[in-house]
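**Q** I'd like to ask you about the structure that follows.
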Amino acid sequence: MAMSRREETSNPGSINAVLGRGSSFEGKLNFEGTVRIEGKFGGEIHTSDTLVIGEGAEVKAEIFAGTVIVSGGRVTGNIRAKTLIELEKEARVYGSLESPAVKIDRGVIFEGTCKMEKLDEPKLKPVASVEKA
C-alpha cells in the first residue's frame, strides 16, 4: 500500500530518493530501497525493491521492479514486477503489466495487456500431444 505524504516525511528512512516535480531525467536508473518519481523520467528502471510514481509524474520507461505503485502519474511503457503492481485512483498507464498480483482502483485509466503469473518460476513446457493411429 502506498504511503501518504505525511507518512513519508515522518519516516525519513522510508524513501531513498525522490525525483521531484519540475525535474526531468533520461537514462537507466538502478536502485535499492524505495524511490519516488514526481517529475519526468524517460528510459529504463531496474530494482528488486519499490518504485512509487507520484501525482503529476510523467514516466516513459520500461520498468523492472519488485513492487510498482502508480499513485496518480502517467506511465507509458511496460511494467514488470516480481511482487505487485498497484494502480491507484488517478493513475494513467499505457502498456503491458506483468506481475503475480495486480490491483487497479476505480478511476484508473489503463490501456494495454495484463498478465498475472509468478515471474521467478520457470514456465512449464507443454506436454507433447499424442496422435491417434
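**Q** Compute the Kirkwood hydrodynamic radius of region 48-88, taking the inverse of the mean of 1/r over all pairs of distinct Cα atoms, and give it in Å to one decimal.
**A** 9.9 Å
**Q** Hey, rough spin-label estimate for residue 113 and residue 44, points 7 angstrom out along Cα→Cβ, what's it come to in nanometres?
**A** With each label point 7 Å from Cα toward Cβ, the separation is 2.1 nm.
**Q** Quick one: which residues, 5 or more positions from residue 41 or on another chain, have an amide H under 5 Å from its amide H? H modelled 1.01 Å from N in the peptide plane, none for Pro or chain starts.
**A** The list, which skips near neighbours in sequence, is 25, 58, 59, 60.
**Q** Given labels modelled 7 Å from the Cα in the Cβ direction, how far is it in nm from residue 90 to residue 31?
**A** 2.1 nm
Where a number appears in this text, it was derived from the coordinates with a stated rule and is not lab data. Remember, predicted model here, so these are calculated numbers, not experimental data. Positions of Cβ are backbone-derived with ideal geometry, glycine not excepted, and every protein chain shown enters the neighbour counts.
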